[in-house]
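*Asks:* Next up is a structure, given as structure tokens.
The values are calculated or read from the model by the stated rules, or taken from the named source; none is laboratory data. Treat the numbers as computed from the prediction; the structure is a model and nothing was measured. Positions of Cβ are backbone-derived with ideal geometry, glycine not excepted, and every protein chain shown enters the neighbour counts.
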Amino acid sequence: MTTHPYAGRTSVLALGTFAVGTSGYVVAGLLPALTAELHVSAATAAQLVTAFAIAYAIGSPLFAAATGRWERRTLLVVALLVTALGNVLAALAPGYGLLFAARMVTAIGAAVFTPAASMVAAELNPPHRRGRAVAAVFGGLTLATILGVPLGSLLSGPLGYRWVFALVAVFSVLGALAVRLALPAVAPPPPVPLAQRFTVARDPRALAVLVTTVLGCLAAFSVYTFVTPVLAATAGVTGTTVSLLLLCYGIGGALGNYAGGRAADRWGSRRPLIVVIASLTVVLLTLPLIATSVPGAAIALLLWGLTTWSFNPPVQHRLIELGGSNAGLLLSLNASAIYLGVGLSGVVGGIVLTNAGPTALPPVAAALTAVGGLVVLLFGWRSPARAQSAPADTGPGAAGASAVSRGVPRPHSPVRDRPAVRARR
């Protein structure tokens with residue numbers, strides 16, 4: 001059995017997404033340490049998630065346009081170094097205000113790195129391997145929830161949150177060094193004006209899918225951000241036990257990402273998306289009833305991670321169908337929608353936590369998920385007209401299904417298919 005020559009390069013990109021993913025998600029595991037050391041409420045500490053997510057959502061299309069002519073390897077290295085800088089500033093910040101600003105700096109690096117890494121992975125592999133390559137890159141984000149967040153939660157007890165941010169910064173620098181040494185120079189894609197990045201969302205069906213993404217991420221992360229007080233209220237667990245339970249969520253997420261991709265390959269986007277949204281609604285609604293003991297909480301978080309991370313593959317499948325040759329741009333807007341939902345989760349979750357208590361968070365999240373399901377069901381397939389250049393959603397034969405289920409658009413264009421790697425002399 002031979003190893004593909006680009007497998008090691010793809011792994012390097014996955015390590016980078018692990019670093020930026022841990023940077024983004026780790027606050028959920030650091031919430032007890034942040035509230036204790038900064039002397040702020042859990043709702044206030046959770047706004048650090050909002051700072052990161054809103055900066056990511058706004059910065060992703062803006063910085064993609066601003067750096068469109070940059071050579072890709074250089075862009076990836078700079079993005080990881082900016083992520084490292086943000087984590088260093090977070091570790092050194094003397095108070096909440098500067099820590100809030102540091103999280104926004106971190107988000108800028110992540111907003112540049114993640115979409116650029118997925119496109120580089122596609123360029124460094126032949127067409128029949130692009131889906132697997134980008135799936136491996138996005139696997140770094142899943143690994144961040146499986147290892148990064150629980151490990152950060154575990155270390156924050158004896159070391160404090162500052163050392164956790166410092167360790168993430170070190171890992172980001174190592175990722176930048178690995179990218180610089182392992183990847184060849186990769187030419188930038190043709191420039192796309194910023195205005196064009198938003199015209200693809202004019203289709204009401206695409207807008208409905210993006211709205212559903214916002215609501216789904218808002219629902220999931222309004223609970224995930226405050227999972228520590230939720231588990232303390234329902235199961236009476238704290239500290240190391242919470243870290244282990246977060247590992248159950250991460251394992252469920254890895255399984256869900258795989259299952260969602262397989263389902264989209266086999267049945268297209270509509271049926272899996274409806275099933276996932278319905279399942280996630282039920283899981284969130286019953287979470288306070290199931291997570292009343294450590295075994296019950298482990299089962300609840302496993303199912304929660306499974307359903308949450310099954311959401312994205314069918315969403316991307318539908319957006320590819322609607323986007324046609326502009327599918328890549330539509331998926332970049334979906335990435336912004338994800339982090340917009342994550343950002344709003346800190347605000348909405350904080351309001352619910354303050355006024356109704358932690359056990360009210362899962363039912364409220366279930367209601368938001370159900371609304372998102374209704375939006376996409378009523379409007380996501382409302383028009384019988386096909387999106388231009390997009391095939392019908394016919395299940396296993398739907399064009400682009402295998403690529404979307406792994407997280408990568410595969411629009412066919414001469415520009416995409418031409419060699420983009422410049423050999424170094």
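*Asks:* With at pLDDT 90 or above and touching a Lys or Arg at 6+ places or on another chain (Cβ under 7 Å) as the only criterion, which of VAL223, VAL230, VAL214, VAL209 stands out?
*Replies:* It is VAL209.
*Asks:* Sticking with this structure for a sec: Looking at GLY239, is it crowded, with 20+ Cβ neighbours inside 10 Å, more than 21 Å from the chain's Cα centre (by Cα) and of a type outside the set (Phe, Trp, Tyr)? Write out each step before concluding.
*Replies:* Working: crowded, with 20+ Cβ neighbours inside 10 Å: no; more than 21 Å from the chain's Cα centre (by Cα): yes; of a type outside the set (Phe, Trp, Tyr): yes.
When the stated conditions are applied, GLY239 does not pass them.
*Asks:* What about ALA91, is it touching a Leu at 6+ places or on another chain (Cβ under 6 Å), of a type in the set (Gly, Ala, Ser), under 17 Å from LEU30 (Cα atoms) and modelled with pLDDT of 80 or more? So that I can check it myself, show each step before the final result.
*Replies:* Numbers: touching a Leu at 6+ places or on another chain (Cβ under 6 Å): no; of a type in the set (Gly, Ala, Ser): yes; under 17 Å from LEU30 (Cα atoms): yes; modelled with pLDDT of 80 or more: yes.
When the stated conditions are applied, ALA91 does not pass them.
*Asks:* Exactly one condition in (1) farther than 28 Å from PRO158 by Cα; (2) in contact with a Gly (Cβ under 9 Å, 6 or more places away or on another chain); (3) modelled with pLDDT of 90 or more; (4) not aromatic (Phe, Trp, Tyr) is false for THR83; which is it?
*Replies:* For THR83, the failing item is (1).
*Asks:* I'd like to verify a number: residues in the range 143-159 that are within 11 Å of LEU247 (Cα to Cα) and surrounded by fewer than 18 Cβ atoms within 10 Å (Cβ to Cβ), how many?
*Replies:* Here the count works out to 1.
*Asks:* A follow-up question, please. What number of residues within the range 264-279 are free of Cβ contacts under 8 Å to residues at least 60 places away in the same chain and of a type in the set (A, V, I, L, M)?
*Replies:* 2
*Asks:* Taking ALA254, is it within 15 Å of the chain's Cα centre (by Cα) and surrounded by fewer than 21 Cβ atoms within 10 Å (Cβ to Cβ)?
*Replies:* Working: within 15 Å of the chain's Cα centre (by Cα): yes; surrounded by fewer than 21 Cβ atoms within 10 Å (Cβ to Cβ): yes.
Yes.
*Asks:* Could you please give the count of residues in the range 286-305 that are of a type in the set (Ser, Thr, Tyr) and within 16 Å of THR369 (Cα to Cα)?
*Replies:* The total comes to 1.
*Asks:* Taking ALA46 as the residue in question, decide whether it is over 23 Å from ALA121 (Cα atoms), modelled with pLDDT of 85 or more and among the small types (Gly, Ala, Ser).
*Replies:* Against the criterion (over 23 Å from ALA121 (Cα atoms), modelled with pLDDT of 85 or more and among the small types (Gly, Ala, Ser)), ALA46 does not qualify.
*Asks:* In addition: What's the number of the only condition in (1) crowded, with 17+ Cβ neighbours inside 10 Å; (2) closer than 24 Å to ARG205 by Cα that ILE274 fails to meet?
*Replies:* The failed condition is (1).
*Asks:* Also: Please pick out the residue among ALA300, ALA259, ALA335, ALA264 that is within 19 Å of the chain's Cα centre (by Cα) and crowded, with 24+ Cβ neighbours inside 10 Å.
*Replies:* ALA264
*Asks:* Also, I was wondering about something else. Name the single residue, out of those in the range 147-169 being more than 21 Å from PHE226 (Cβ to Cβ) and without any contact (Cβ under 8 Å) to a residue 60 or more places away in the chain, that is nearest to the chain's Cα centre (by Cα).
*Replies:* Here the answer is LEU167.
*Asks:* Given the options VAL376, VAL371, VAL342, name the one that is surrounded by fewer than 22 Cβ atoms within 10 Å (Cβ to Cβ) and under 19 Å from VAL211 (Cα atoms).
*Replies:* Working: VAL376 fails: surrounded by fewer than 22 Cβ atoms within 10 Å (Cβ to Cβ); VAL342 fails: surrounded by fewer than 22 Cβ atoms within 10 Å (Cβ to Cβ).
Result of the check over VAL376, VAL371, VAL342: VAL371.
*Asks:* Answer with yes or no whether THR308 is in contact (Cβ under 8 Å) with a residue 60 or more places away in the chain, in the same structural domain as THR292 (by TED's automatic domain parsing), under 18 Å from the mean Cα position of the chain (by Cα) and within 27 Å of ALA45 (Cα to Cα).
*Replies:* yes
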